[in-house]
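The next block holds one structure in the form of structure tokens; read it before the comments.
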Amino acid sequence: MLFVLSAPSGSGKTTIARRVLPMFASLSFSVSATTRARRPRETDGVDYHFLTVEDFLARVKAEAFAEWEEIFGCYYGTLRSEIDRANGEGRHLLFDVDVKGALSIKQSYPEDSVLIFIKPPDLDTLRQRLEHRGSESQEIIERRISRAAWELEQASLFDHVVVNDDLARSVPLVASLIAASIEDHVVRTK
């Protein structure tokens, strides 16, 4: 099964993904590829596969991505090899991708994907979280807030919506959605 967490940037999807992942022995993390600059404390191959623009576009041409797109001048995508690796190991896969990527995964893998939208309590809280990260200029933050309005409109296309107003509540809720989907999958495939 493919569990896809998606949200506007700064909503907490990465934090939730990192906390949920160790709760399931059968769950692996899908490491996305990107051309954006590495942030402090990020590790290549763990947080992202950091690629040059040339390498990324060569992989697009070779159809190596299950989904990809350009966001704010940087490319992001999910390598098919990540999905194939997990499938070959008999493992479920947890994704941390943007909204368009999530919808693309659902289109490509409709029977195997569960989309979970992580919603911020409101746009003011989202802005505060982005500013607190300290990794982007005010111009990029404004662009992310502008994009968030469209992303929030897409929440109804997801299988589940979780408002992340409190991690102590959001993490167990996402974990319970994943557990229920795994249990349902086991029942359906018997």
### Summary
Subset of region 150-174, residues farther than 17 Å from Ala17 by Cβ and polar (S, T, N, Q), comes to Gln154, Ser156
### Task
Evaluate region 58-70: report whether one residue or more is surrounded by fewer than 19 Cβ atoms within 10 Å (Cβ to Cβ), closer than 22 Å to Val186 by Cα, out of contact with any helix residue (DSSP H, G or I) (no Cβ under 9 Å at 6 or more places or on another chain) and free of Cβ contacts under 8 Å to residues at least 24 places away in the same chain.
no
### Query
Only one of (1) modelled with pLDDT of 95 or more; (2) basic (Lys, Arg); (3) under 20 Å from Ala17 (Cα atoms) fails for Lys61. Which number is that?
(3)
### Query
Quick check: anything in region 101-120 touching a residue at least 24 places away in the same chain (Cβ under 8 Å), in contact with a Pro (Cβ under 9 Å, 6 or more places away or on another chain), closer than 24 Å to Pro22 by Cβ and not in a loop (DSSP other than H, G, I, E, B)?
yes
### Summary
Scanning region 43-92 residue by residue, the ones that are within 16 Å of the chain's Cα centre (by Cα) and in a loop (DSSP other than H, G, I, E, B) total 3
### Message
Could you check region 12-35 and list, in sequence order, the residues that are in a loop (DSSP other than H, G, I, E, B), farther than 19 Å from Ala179 by Cβ and modelled with pLDDT of 95 or more?
### Response
Thr35
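Just to be sure I understand, how many residues within region 122-142 are over 24 Å from Val161 (Cβ atoms) and either modelled with pLDDT under 80 or of a type in the set (A, V, I, L, M) (or both)? Talk me through it step by step, then tell me what you get.
Going residue by residue through region 122-142, those that are over 24 Å from Val161 (Cβ atoms) are 131, 134-140, 142.
Checking which are either modelled with pLDDT under 80 or of a type in the set (A, V, I, L, M) (or both) leaves us with 131, 134-137, 140.
Residues flagged as over 24 Å from Val161 (Cβ atoms) and either modelled with pLDDT under 80 or of a type in the set (A, V, I, L, M) (or both) within region 122-142 amount to 6.
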### Task
Scan region 37-45 and give yes if some residue there is exposed (fewer than 15 other Cβ atoms within 10 Å of the Cβ), among the basic types (Lys, Arg) and either in contact with an Asp or Glu (Cβ under 6 Å, 6 or more places away or on another chain) or touching a residue at least 12 places away in the same chain (Cβ under 8 Å) (or both), otherwise no.
yes
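The values are calculated or read from the model by the stated rules, or taken from the named source; none is laboratory data. Since the model is a prediction, treat every value here as computed from it, not as a measurement. Every residue, glycine as well, gets a Cβ built from its backbone with ideal geometry; the counts of neighbours run over all protein chains shown.
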